[in-house]
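Where a number appears in this text, it was derived from the coordinates with a stated rule and is not lab data. Since the model is a prediction, treat every value here as computed from it, not as a measurement. Cβ coordinates were reconstructed from backbone atoms using ideal geometry, including for glycine residues, and neighbour counts include every protein chain displayed.
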Amino acid sequence: MTSLARVIAVGAVLSAAVARAAAGADATPEILVAQAKNPCAAKNPCAAKNPCAAKNPCAAKNPCAASGKVDPKLITRPRGTRLAAGKAADLLKQGEQLWNDKKLSTNGLACSTCHQNNAAFQASFAKPYPHAVAMVSEKAGMKQIRLDEMVQICMVVPMAAKPLPWDSRELAALTAYTAEVQKKFKPAAAAANPCAAKNPCAAKNPCGARK
């Protein structure tokens, strides 16, 4: 064997030894080839940043779950109170504007922040008011609540603001618009969370098949 042949042979042996040391002492060339060609060892496309995991302004620190109780007197309609009157169309238009107005709160939230596309209500929202609401029972100890009172507790708890004056145009408008939203509300549709859909990346993993 020539000197050049000896050098080539020694190099081949050393390369094989290094490869086996990296893969394991018992690894064979066939195993090394299989590992190199393993499609499941490639970067997982499903491990990319999940668009549904984006920061949710109402989920990170749930404003509706804020600590502390609410004085029921703050949100209970005073006896004899009548909401401000006005044309239905005008109240609905103003109510929709207020629904999206973050200036009503002290923390940068609006009604639409948590109720995007007029959704994300509890199933009980479909029931005629007054009715029981879990948040109201927990925070204010009230067994039932009227729609205008519901607007008021949302002002106090999630939006961290003061209740609106009971005879104000703003309260009348928000109550009217919320009633309109309620008419179109369907509990089944509200339960459908686009980020809770079956994850295509969670399908049976071909790399985890039984051996």
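A few notes on this one:
- Over every Cα atom in segment 66-191, the radius of gyration and the widest Cα-Cα span, Dmax, amount to 13.7, 39 Å.
- Dipole in debye (nearest 20) - segment 66-191, about Cα centre, beta carbon charges: Lys, Arg +1; Asp, Glu -1: 220 debye
- Two-site label geometry, residue 160 and residue 69: point separation in nm, points 7 Å out along Cα→Cβ: 2.3 nm
- Taken along the Cα-to-beta-carbon direction at a fixed 7 Å, the label points for residue 138 and residue 103 span 3.2 nm.
- Taken over segment 66-191, lysine pairs spaced eight or more positions apart, or on distinct chains, with alpha carbons under 13 Å apart number 7.
- Highest average first, the peptides 68-80, 124-136 ordered by how many other beta carbon atoms sit within 10 Å of their residues are 124-136, 68-80.
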